Structure formats: C-alpha cells, structure tokens
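Asker: Structure in structure tokens, see below.
The values are calculated or read from the model by the stated rules, or taken from the named source; none is laboratory data. Remember, predicted model here, so these are calculated numbers, not experimental data. Every residue, glycine as well, gets a Cβ built from its backbone with ideal geometry; the counts of neighbours run over all protein chains shown. Accessible surface areas use protein heavy atoms only, side chains included; no ligands, DNA or RNA. Shrake-Rupley method; radii C 1.70, N 1.55, O 1.52, S 1.80 Å.
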Amino acid sequence: SERMRIDASGRVTMPNQPVFSAYRSGADVADATVIVFNNTTANVGSNYNTANGRFTASVTGNYFFSVFAMSTANSSVFGLRLRLNGTPSGTTWAYNNESSGFHTVSMGFVIGLNATDYVEIMTQGGAMHGIANYHNNFCGYLIG
C-alpha cells in the first residue's frame, strides 16, 4: 500500500505518519496528576491512548509535541510537566505563578524517542480545569 506521495507540485504527504490531537472533557485534574486527554480529533496509528493519557512511539525518531491547559479558578500557581516513560522530565515544563485566578500554560518541545517509549503530561503546582474541551489540548507527531 502507499506510504508516501510526492505530487506534481512537490508536496510530500505521509498518510500513515504517527500524529494525534487530544483534548479533555471531564472532571478537573488534581495537582501532581497525569492528565488523561480523553478525546481525540486525530489519532493516526492509534499511538495516543485516551484511557491512560500516553502517547507511545511506534517508531524510533524525533517527535514534536505541544500542550496547553488552563488552571482551575483562583489558583495561585499552575504548571505542566512532561513525563518520559513514567519519570518527570527535569527540563521540559511550563509554569505560571501570576496573581490568583485562571492561568494558562503552554509549551512545545522536540524529543527523541525510541520505539515503545511513551510520553505523558502531568499537572504541577495546581489543578487543571478539565470541564470544557477548548481549555486544553495535547498534540504531537513524528518529525523524522
């Protein structure tokens, strides 16, 4: 079957390339908890698991990820942290400690993964507002 196409204009398409976009619609997520983005709008290869919040690499390579989320009301601090294979990353995290209220945090990152490595996002320093799907998103794809 076809795995890659270059059209007459030079555009390259790879319809089987791992890619996902997920969001949460459900209860808020407590501090220091892995976020389960329980719905997807794209999930080519089924690498993102809506039951446990993990993206598992199907092939070794470099991957790009992006995440944004909003804190619950009246938070004084809110952060997100990448976990690689269940271990919090020391360097990939975002943090907002402005005055109380709602906080938004976002980050994008490139990380090299081996096949079967997984990444997930956890809250750090505050709870995440999980009720409305437009307040949060986690997406990623294989670069190469």
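Asker: Running a GNM on the chain with Cα contacts under 10 Å, which residue among Met122, Met107, Met14 ends up with the highest mean-square fluctuation?
Answerer: Among Met122, Met107, Met14, the largest mean-square fluctuation in the Gaussian network model of the chain belongs to Met14.
Asker: Let me ask something else. Say R0 is 35 Å: what FRET efficiency, to the nearest 0.05, do Asn16 and Val77 get from their beta-carbon distance? Spell out each step's value before the answer.
Answerer: On the way: r = 41 Å, r/R0 = 1.17.
Working from the Cβ atoms, E equals 0.30.
Asker: On to the next question. With a sphere of radius 10 Å drawn around the Cβ of Gly53, what net charge do the other residues whose Cβ falls strictly inside it have (Lys, Arg +1; Asp, Glu -1)? Display every interim value, and only then the final one.
Answerer: Details: positive: Arg24, Arg54, Arg83; negative: Glu120.
Net charge around Gly53: +2.
Asker: Any idea what the relative contact order of the stretch 67-144 is, in percent, if you count C-alpha pairs under 8 Å spaced at least 6 apart? Let's see the in-between values first.
Answerer: On the way: 146 pairs, mean separation 34.6, N = 78.
Averaging sequence separation for qualifying contacts and normalising by length gives 44 percent for the stretch 67-144.
Asker: Counting only the heavy atoms of the protein chains, how much of Ile143 is accessible to a 1.4 Å probe, in Å² to the nearest 10?
Answerer: Result for Ile143: roughly 90 Å² accessible.
Asker: Of Phe102, Phe65, Phe78, which is the most mobile in a GNM of the chain whose springs link Cα atoms less than 10 angstrom apart?
Answerer: Phe102
Asker: Percent relative contact order of the chain, based on C-alpha pairs within less than 8 angstrom and at least six residues apart? Working shown, then result.
Answerer: On the way: 378 pairs, mean separation 50.3, N = 144.
Averaging sequence separation for qualifying contacts and normalising by length gives 35 percent for the chain.
Asker: Oh, and also: Explain nothing, just the number: dipole magnitude of the chain about its Cα centre with +1 on each Lys and Arg Cβ and -1 on each Asp and Glu Cβ, in debye rounded to the nearest 20.
Answerer: That gives the chain a dipole magnitude of about 240 debye.
Asker: Counting pairs of alpha carbon atoms under 8 Å apart in space and at least six apart in sequence, what relative contact order in percent does the stretch 1-77 give? Mind showing how you got there, number by number?
Answerer: Values: 80 pairs, mean separation 17.0, N = 77.
Relative contact order for the stretch 1-77 comes out at 22 percent.
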